[in-house]
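What follows is a set of notes on a single structure, which appears directly below.
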Amino acid sequence: MINAIWLGLMVIGIIVAALTGRLDAVTKAAFDGAQLAVEVALGLIGVMTLWLGIMKLAEAAGLVQALAGLLRPLTRLLFPSIPRDHPALGAIILNISANILGLSNAATPMGLAAMQELQKLNRGDKEEASEAMCTFLALNTACLTLVPTTIIGIRINAGSASPTEIVGTTIFATAVGMTVAVVVDRISRGLYRRRFPWR
């Protein structure tokens, strides 16, 4: 659907430019945008390598495992349907820990593993997400982030005088987002149970 929207916007832009005699502006904007994209991507390589290296050191030092230990009681509260020692719970904890530390590359495979394990626990219709899957998706989408490495990298590349000044507001915004996601998940779950008590 998103691809169709983008294609529609581009086609409309080209048609309007052709009708108003400004096709040269569209061509120039396309080349300028492509050049800017390459410059930003190349500029991010160094910054992302540095931050991901620091995070990998933290992971090797056991910071992710320590954070996972702190999150274990919270995950038991959020996912009561998952058995205590099930692999899904471990994958969820590691995914959330990696997201909190800004290790999104490391979080993705753990998130996929968690969803696969949650699907095995899904006793209902396999085409329909279970309550635990919905909760995990909400947490994964709106997870607290302590180190926003990508944004810091973009700000450095754009010449920001203080690229890390957004860390505090990022922590606040992602904490609010995660809280809202969990609350809405709980409310939606209660409404769903009232509407479909037999499920």
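The values are calculated or read from the model by the stated rules, or taken from the named source; none is laboratory data. Only a predicted model underlies this, so the values are computations on that prediction, with no experimental measurement involved. Cβ placement follows ideal geometry from the backbone for every residue including glycine, while neighbour counts extend to all protein chains displayed.
Points worth noting:
- Among residues of segment 81-128 being of a type in the set (G, A, S) and over 16 Å from the mean Cα position of the chain (by Cα), the one that is nearest to L50 (Cα to Cα) is G90.
- For segment 92-102, the count of residues that are without any contact (Cβ under 8 Å) to a residue 60 or more places away in the chain, part of a helix (DSSP H, G or I), small (G, A, S) and closer than 23 Å to A61 by Cα is at least one.
- Meets criteria (more than 30 Å from A41 (Cβ to Cβ) and in contact (Cβ under 8 Å) with a residue 24 or more places away in the chain) for A132: yes
- Counting only helices (runs of 4 or more DSSP H) that fall entirely inside segment 104-199 and contain at least 2 residues that are modelled with pLDDT under 80 and surrounded by fewer than 13 Cβ atoms within 10 Å (Cβ to Cβ), the qualifying elements are 167-195.
- Positions within segment 1-51 being basic (K, R) and part of a helix (DSSP H, G or I), in sequence order: K28
- Within segment 140-156, considering residues that are touching a helix residue (DSSP H, G or I) at 6+ places or on another chain (Cβ under 6 Å) and in contact (Cβ under 8 Å) with a residue 60 or more places away in the chain, the one nearest to R193 (Cα to Cα): T149
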